[in-house]
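**Student:** Dropping a structure here in structure tokens format, bear with me for questions.
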Amino acid sequence: MGEPRTALVTGANRGLGRAVAAALHASGWQVVVAARDGAESAAVAASLGSGARSVSLDTTDPDSVKRAREAVGAVDALVNNAGVLLDGGSDPLTVSLELVERTLEVNLLGSWRVSQEFLPDMVSRGWGRVVMVSSGTATFHNGLFGGAPGYSVSKVALNGLTTMLAAQTAGTGVLVNAVNPGMTRTRMMPRAQREPEEAAADIVYAATLPDGGPSGVFFRGQNEIPW
């Protein structure tokens, strides 16, 4: 493959994002550990060792995203992992719309903002992989989960963005897909049974698809699933 490819993972200071960064690094990729807290992302990169670096990146801050792009340069793969779950235990009729707005700002607009900054380089270079970390709560096939309505709607919107970016980049060598990692034990879901390392393997699969692989699809494991 020549020079190692580079991947940027948002929200990579802990949990699933950290596991994805570690898995990509272990498979020979150069990895950029991105997180709002620059000290935390630097510590994770240092723990990974040679071939890992860090950048401070707040997906909700346009200036922060632009500075990160200037600092990092072009990347070959982008994993939009940063996300929040703020409205668990609520319902669509009574949920605080302020919480919904904050959720959309991170889960949808944050991923959109970072994609707009890094994806054009992939198109111009003729190769790239973008992975949106989505959720099973957001599938019309299974039925949307009303117990965290802002979160579920944000991931539905993220799935929609996935399909639009895939259509926009069709034929360019860039593949854009979403992954449902399942209920994974992180700070967001501390009682979940699935280990972050297990879920990370699914995301790495989508981030390292071969040329000619699918784009604009929803993955669970290595299988395409209905939206």
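Nothing in this text is a laboratory measurement; each read-out follows from the coordinates by a stated rule. Being a predicted model, the structure only gives us computed values, none of them experimental. Cβ sites come from the backbone with ideal geometry, for glycine too, and all protein chains shown count toward neighbours.
**Student:** Tell me, what is a quarter of the convex hull surface for the C-alpha atoms of segment 1-98, in nm² with one decimal?
**Tutor:** 7.6 nm²
**Student:** Just need the relative contact order of segment 6-225 here, percent rounded to a whole number, with Cα pairs under 8 Å and 6+ apart.
**Tutor:** 19 percent
**Student:** Out of all Cα-Cα pairs in segment 6-225, roughly what percent, to the nearest whole number, are more than 26 Å apart?
**Tutor:** Value for segment 6-225: 29 percent of Cα pairs lie more than 26 Å apart.
**Student:** Mind pulling the angle between the C-alpha long axis of helix 62-72 and the longest principal axis of the chain? Nearest 10 degrees, somewhere in 0 to 90.
**Tutor:** Approximately 30 degrees, to the nearest 10.
**Student:** Given the options VAL130, VAL179, VAL65, which has the most mean-square fluctuation in a GNM of the chain, springs set between C-alpha atoms less than 10 angstrom apart?
**Tutor:** Between VAL130, VAL179, VAL65, it is VAL65 that shows the largest mean-square fluctuation.
**Student:** A further question on this structure: Residues in segment 7-26, backbone N under 16 Å from the label point at ASP121 (7 Å along the Cα-to-beta-carbon vector): list them, ranges by number please.
**Tutor:** Taking a point 7 Å out along Cα→Cβ of ASP121, the residues of segment 7-26 whose backbone N falls under 16 Å are 7-10.
**Student:** Moving on. If each residue's Cβ is checked for other Cβ atoms within 10 Å, how do SER154, SER27 rank with the fewest at the top?
**Tutor:** In order of increasing Cβ crowding within 10 Å: SER27, SER154.
**Student:** Can you give me the angle between helix 15-26 and the longest principal axis of the chain, using Cα atoms only, in degrees from 0 to 90, rounded to the nearest 10?
**Tutor:** Result, in degrees: 20.
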